[in-house]
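Colleague: Here it is, the structure in full.
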Amino acid sequence: MNLEKHIIEYEEHHQLKFAWVTEIHGTKLHIHNEKGKNAKCREKDVRIVHPLAASSREIESIKNEISDIKQDIDLKLIWDSLDPSKFMLNDLTEFYFNESKSVEESALYRSLLNDSRFTVNGLEITIRSQTDIDAEKERHRLRQEKDAIRGKFVKWARHISTSTEAIEILDDYLPLIKDLDKAFQDHQKTDLLKDITCNDRSDNPFEMIFDVLVAAGKRDYSSVNLLKIISRDSGFSESVKTHAEQVNYAYNDLREKLSDKLTFSIDDADTQEIDDAISYELIDSNYHIGVHIADLSCFVKKGDPVDEEALRRSSTVYLPTGNVLMIPESISCDKASLIAGMERPAFSILAVFNSKFELIESKITRTLINVDHRLSYDESDAILEDTSSELHEALSCLDAISKKMQKERLQHGAIVIAKDESKLYVHDDTINCQVINTHLKSRMIIGEFMILANHLTALLARDEEIPIIYRGQDTPDEPARHSMGKILDGKNPRKMMGMKKSQLSLHPKKHSALGIKAYTQISSPLRRFSDLVLQRQICAWMENQPAPYTTTEIMEILGNSGAADKENRGLDSRSNRYWTLEYLKRNHHHADLEAIAASKYPSFYLMNIQPWNIRAKLVTDRMLKFGDSFPVKILRINPVRGVLELILD
């Protein structure tokens, strides 16, 4: 039938709409709609065809006629008269009206659309049985009931993620908790998850869902569960592990062989990824010091399976319940690790100091080294006090040089922060907490020589125009500006307020907090992907090869690494706070504690509990002086919620 110049009714969004057909192009109708505007519709969506009309102005009279007919239609009569079955619209119209005019079809069709006793599918009408209708009503009732439970659960979940009190879990919520747990496990943003987290401003909605599942008893603070927040596994895929196991380093004669030099590593006793060591030799009153960094670039090549996985992980994550390595163990803890007694390739920063501990020359090269001694920080500190030790002279010299370097940095405005740090170890639900003084001699030695290595590498890249990323920091504002050139007690964070964020740059710039004019990071390639990237850049220059990365590629990698590092730091902070609070709850819940006033909010003070340096709230009418220490006790503690509140003792 040619529909041109006809008034039609077509279905759009389950509603009938009037239009006058002006032209036909294939299956598309050009129409003039009720609002007097030109539009288009599909021929298959046409439900009613009225007689020819001169224009769309005739629509109104047709609408009035249909409205009058519709008022007299008795759908109950139709439903009572006919058995459940299917009819075409024109047949049903003829049954009811004894004829089938377009206005009658339209009136009947419009009536049927919203009546539950009938199902309308195009022009096909199904008369439903009472059994079907009752079943549909029951399904509708159950959907409403389910939606009501879901709505209550969403409110409950939002509340439980921030509440500090225990909350009852209704039996009706258990299936929804199970669904939420599956979404968390699969890292899928389901509709339920989206409903719960719609008001969450964090970058990662799975953080909030983790809090809900922990409170509901479905998850705990193990490494495996925490890693699910950022969709990461603690282990590696079989293909990555296989590739790592097959990797071997082919030795060549181009490296400078330093295996006969006295070399030792100083790390925490439990460190597995040993990515730095120091060598010492006294020649003609000059001290030849080597800072040796594990040369991971000769084991992991750009774009290989291990490299791609390391790029995704960005860094090793250190959690109280276990470490999550960036590089598979067979490389990071074995083949590339600077293990004592094993010859290893290294990226070496070689420095010569005169008898006054002044730096007189340096170079950066690829070497082969053999670590003679693996020392812990405690063992190294003990040797510094033991004049009979064979390593006493070397370590004492390094101590003197590191003090000289730190003094020079302080003279250039550096800020050195001396504070205690707590390190937690959780095994079989046993929590061990070690408080570390980060400013002891051996830690200062390693810290200063790593700063030196990174500084000299930055100067080399600057002078040779090697594309790398530099790190800088602007001069701080007050009160931190007043602390420039000083060693600060890290217990009082207010003295550090005003410190500027570190900045990335393609050009060298001053790093104010370190007191040096150029700085990069290259000293931890086994645990930090950006260090591996920059190591490759320098090594390519040494071998007269093109740089493997453009500055644009490096910036993109560091941008991606920055996002991943933010996630990693978030996991570290969340995990450490939970296990520290759990440790305090088990061991110091009713003990006398010391806390330092750090800052004041309208209704409470923020305190740092010593020696763990963990934040807590204190409500008091007393005026507390910032930086002063006060005796306190724990008023309320909830590790799952991260709650720690104090009272003055």
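The values are calculated or read from the model by the stated rules, or taken from the named source; none is laboratory data. Owing to the predicted nature of the structure, the values given are computational and were not obtained by experimental measurement. FYI the Cβ positions are ideal-geometry reconstructions off the backbone, even for glycines, and counts take in every protein chain you see. When the accessible area is computed, the model is the full protein with side chains, heavy atoms only, and any ligands, DNA or RNA have been set aside. Shrake-Rupley method; radii C 1.70, N 1.55, O 1.52, S 1.80 Å.
Colleague: Excluding ligands and nucleic acids, what accessible area in Å² is computed for Cys198 using a 1.4 Å probe, to the nearest 10?
Modeller: 80
Colleague: Specify which residue in the list Leu82, Leu92, Leu325 is farthest towards the positive end of the charge dipole of the chain, using unit charges on the beta carbon of Lys, Arg (+1) and Asp, Glu (-1), about the Cα centre.
Modeller: Leu325
Colleague: Now for a different question. Could you pull out every one of the aspartates and glutamates with an alpha carbon less than 17 Å from that of Lys407, ignoring same-chain neighbours closer than 8 positions?
Modeller: Glu358, Asp399, Glu448, Asp489
Colleague: While we're on this one: How much solvent-accessible surface does Val352 expose, in Å² to the nearest 10, with a 1.4 Å probe and all protein chains in place?
Modeller: Looks like 10 Å² after rounding.
Colleague: Could you provide, to the nearest whole Å², the per residue accessible area of the range 350-493 with probe 1.4 Å?
Modeller: 47
Colleague: Would you mind calculating the relative contact order of the chain from Cα pairs under 8 angstrom and at least 6 residues apart, reporting the percent as a whole number?
Modeller: 9
Colleague: Ignoring the sites themselves, what is the longest stretch of the chain with no trypsin sites (Lys or Arg not before Pro) in a DSSP loop and at most 11 other beta-carbon atoms within 10 Å?
Modeller: The longest such stretch corresponds to 38-200.
Colleague: Next question. Can you send over the solvent-accessible area of Asp378, 1.4 Å probe, protein chains only, in Å² to the nearest 10?
Modeller: 110
Colleague: Also, I was wondering about something else. Cross-link list Lys178/Lys228; Lys189/Lys241; Lys335/Lys441; Lys403/Lys500; Lys302/Lys509; Lys302/Lys566: which exceed 18 angstrom alpha carbon to alpha carbon?
Modeller: Violating the 18 Å Cα-Cα cut-off are Lys189/Lys241; Lys335/Lys441; Lys403/Lys500; Lys302/Lys509; Lys302/Lys566.
Colleague: I need the GluC sites (Glu not before Pro) found in the range 439-483, filtered to DSSP loop residues with at most 13 other beta carbons within 10 Å of theirs.
Modeller: Those that pass, being in a loop and sparsely packed, are Glu465.
Colleague: Order Ser396, Ser355, most accessible first, counting only protein heavy atoms with a 1.4 angstrom probe.
Modeller: Final ranking, largest accessible area leading: Ser355, Ser396.
Colleague: Next question. Can you give the helix-only mean residue ellipticity at 222 nm for the chain, where every DSSP H stretch with n ≥ 4 adds -39500 (n - 2.57) and the sum goes over all residues, rounded to the nearest 500 deg cm²/dmol?
Modeller: Result for the chain, helices only: -11500 deg cm²/dmol.
Colleague: Using just the Cα positions, wrap the range 1-51 in a convex hull and report its mean projected area in square nanometres, one decimal place.
Modeller: 3.2
Colleague: Magnitude of the Cβ-charge dipole of the range 368-438, K/R +1 and D/E -1, about the Cα centre, nearest 20 debye?
Modeller: It comes to approximately 560 debye.
Colleague: Would you rank His25, His187 by solvent-accessible area, highest first, keeping every protein chain in place and using a 1.4 Å probe?
Modeller: These residues rank, largest area first, as His25, His187.
Colleague: For the range 180-281, what D do you get in µm² per second when you plug the Kirkwood radius from alpha-carbon pairs into Stokes-Einstein at 4 °C and 1.567 mPa s?
Modeller: 71
Colleague: Additional query: Relative contact order for the range 270-355 using alpha-carbon pairs under 8 Å, separation at least 6, rounded to a whole percent?
Modeller: Here the relative contact order equals 42 percent.
Colleague: So if I restrict to the alpha-carbon atoms in the range 98-140, what is the Rg, and what is Dmax, the biggest pairwise distance, in Å?
Modeller: Considering the range 98-140 through its Cα atoms, Rg and Dmax are 12.4, 37 Å.
Colleague: Taking each pair of different alpha-carbon atoms in the chain once, compute 1/r for the pair, average those values, and report the inverse of that mean as the Kirkwood hydrodynamic radius in Å to one decimal.
Modeller: Radius from the Kirkwood sum: 31.1 Å.
Colleague: Which one of Ile349, Leu3, Ala183 has its Cα pushed farthest toward the positive end of the charge dipole of the chain, where Lys and Arg give +1 and Asp and Glu give -1 at the Cβ?
Modeller: Ile349
Colleague: Calculate, for the range 248-312, the solvent-accessible area per residue in square angstrom, rolling a 1.4 angstrom probe over the heavy atoms of the protein chains.
Modeller: Per-residue value: 44 Å².
Colleague: Here is a follow-up. Taking the dipole about the Cα centre of the chain, with the C-beta of Lys and Arg at +1 and of Asp and Glu at -1, give me whichever of His590, Ile59, Leu648 is farthest to the positive side.
Modeller: Of the candidates, Leu648 comes out farthest on the positive side.
Colleague: Based on alpha-carbon centroids, what's the gap between the range 112-130 and the range 398-436 in Å, whole number please?
Modeller: 77
Colleague: If you count only protein heavy atoms with a 1.4 Å probe, what accessible area per residue comes out for the range 53-177, rounded to a whole Å²?
Modeller: Heavy-atom accessible area per residue stands at 62 Å².
Colleague: Next question, about the same structure. Using the alpha carbons of the range 416-534, what is the convex hull volume per residue in cubic angstrom, as a whole number?
Modeller: 132
Colleague: For the range 64-190, evaluate the Debye formula with one uniform point scatterer on each Cα (no solvent term) and list log10 I(q)/I(0) at q = 0.19 Å⁻¹, rounded to two decimals.
Modeller: Relative scattering, expressed as log10 I(q)/I(0), comes to -1.01.
Colleague: At 1.4 Å probe size, put Met607, Met450 in order of accessible surface, largest to smallest.
Modeller: Met450, Met607
Colleague: Any chance you could check the Cα centroid distance between the range 555-578 and the range 581-649 for me, in angstrom?
Modeller: One Cα centre to the other: 27 Å.
Colleague: Please list, by residue number, every one of the GluC sites (Glu not before Pro) in the range 374-406 that is coil in DSSP and has at most 14 other beta-carbon atoms within 10 Å.
Modeller: Listed in order of number, the matching sites are Glu390.
Colleague: Which whole-number percent of Cα pairs in the range 230-369 have a distance greater than 25 Å?
Modeller: Here the tail beyond 25 Å accounts for 36 percent of pairs.
Colleague: A follow-up question, please. Heavy atoms only, probe 1.4 Å: what % of the accessible area of the chain goes to carbon and sulfur, would you let me know?
Modeller: C and S atoms contribute 48 percent here.
Colleague: What are the lysines whose alpha-carbon lies under 19 Å from the alpha-carbon of Lys17, with same-chain residues fewer than 8 places away excluded?
Modeller: Reachable lysines: Lys5, Lys28, Lys35, Lys37, Lys40, Lys44, Lys63, Lys70, Lys101.
Colleague: While we're here: About the Cα centre of the chain, how large is the charge dipole given +1 on each Lys and Arg Cβ and -1 on each Asp and Glu Cβ? Please answer in debye to the nearest 20.
Modeller: 1980
Colleague: Where in the range 541-649 are there GluC sites (Glu not before Pro) that are in a DSSP coil and have at most 11 other Cβ atoms within 10 angstrom of their Cβ?
Modeller: Hits after loop and neighbour filter: Glu543.
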